[in-house]
1. Top to bottom by accessible area (1.4 Å), largest first, where do F135, F16, F173 land?
2. If S67, S74, S31, S40 are ordered by their accessible area, calculated over protein heavy atoms with a 1.4 Å probe, which sequence runs from highest to lowest?
3. Pop out the ³J(HN,Hα) list for the range 63-77 in order, Karplus 6.51 cos²θ - 1.76 cosθ + 1.60 with θ = phi - 60°, rounded to Hz; leave Gly and Pro as x.
4. Given a 1.4 Å probe and heavy atoms of the protein chains only, how would you sort T147, T138, T46, largest accessible area at the top?
5. Provide the solvent-accessible area of K166, counting protein heavy atoms only and rolling a 1.4 Å probe, rounded to the nearest 10 Å².
6. Can you send over the solvent-accessible area of L27, 1.4 Å probe, protein chains only, in Å² to the nearest 10?
7. Taking the Cα-to-Cβ direction at E42 and at R169 and moving 7 Å from each Cα, how far apart do the two end points lie in nm?
Amino acid sequence: AIFRGRVVSIRPFGAFVALDGYRKHGLVHISQLAPRRVESVEEVLTEGQDVWVKVLPSEDPAKVSLSLRQVDQSTGADLGDEAPRRGRRNEAEAEDGAPRNADGSFAWGKLEPLERGGPEEEEEEEAAPKQQPNFARTGKLAEASNTVNGVVLKSAEPSDAAKPTKHWRLYVFKGKEALEPYHIHRQ
């Protein structure tokens with residue numbers, strides 16, 4: 001729906017417009033002000049200016065989203081989802097200067113399949129069998145992680161290292177104050 005409205009306030013992200021006959025204000029985001037890039041809202045609008053706006057579908061029913069670029073400001077006619085782009089030399093030429101087809105795809109020439117090598121190369125590739133992965137244990141990973149300067153380190157824990165047989169205590173001091181002893185055999 002297209003309505004006539006008045007710009008109430010301008011913010012860096014857009015402008016709030018009061019619609020005629022409605023209590024709510026709607027937001028025209030800076031991206032919806034014009035079909036071109038707008039650096040600041042003041043380039044396009046001023047407070048108190050009367051404008052034609054189109055109400056856009058919104059995810060939140062409490063908010064009203066508006067667009068100026070989809071409405072002709074002189075007549076109030078709907079321009080559709082995209083406003084016509086101005087300043088093009090050729091309708092088939094895109095903004096970046098690349099020529100395009102009528103369907104919008106690039107028009108650089110004919111699309112030809114990429115030629116791979118001749119039949120000789122295909123026979124050579126098929127003749128060489130692929131090497132199958134070997135999932136057997138080799139020990140190379142463990143050897144690499146236990147190597148220092150080319151020397152393999154081997155270590156083993158003694159059998160009686162699991163739990164101390166004696167009840168040892170460490171006495172911990174903080175300054176001159178003695179804290180609770182630390183019992184090693186309980187760990």
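The values are calculated or read from the model by the stated rules, or taken from the named source; none is laboratory data. Fair warning: this is a prediction, and the values are worked out from it, not measured in the lab. With ideal geometry, Cβ positions are generated from the backbone for all residues, glycine too; neighbour counts draw on all protein chains shown. Accessible surface is based on the protein model in full, side chains and every heavy atom, while ligands, DNA and RNA are left aside. Shrake-Rupley method; radii C 1.70, N 1.55, O 1.52, S 1.80 Å.
1. Details: F135 180, F16 60, F173 135 Å².
Sorted descending by solvent-accessible area, the residues read F135, F173, F16.
2. On the way: S67 0, S74 100, S31 60, S40 40 Å².
Sorted by accessible area, descending: S74, S31, S40, S67.
3. Once θ is set to phi - 60°, the couplings for the range 63-77 become 9, 10, 9, 10, 9, 9, 6, 8, 10, 6, 6, 7, 10, x, 7 Hz.
4. Working: T147 50, T138 100, T46 80 Å².
Final ranking, largest accessible area leading: T138, T46, T147.
5. The value for K166 is about 130 Å².
6. Its heavy atoms expose roughly 50 Å² to the probe.
7. Calculated label separation equals 8.0 nm.
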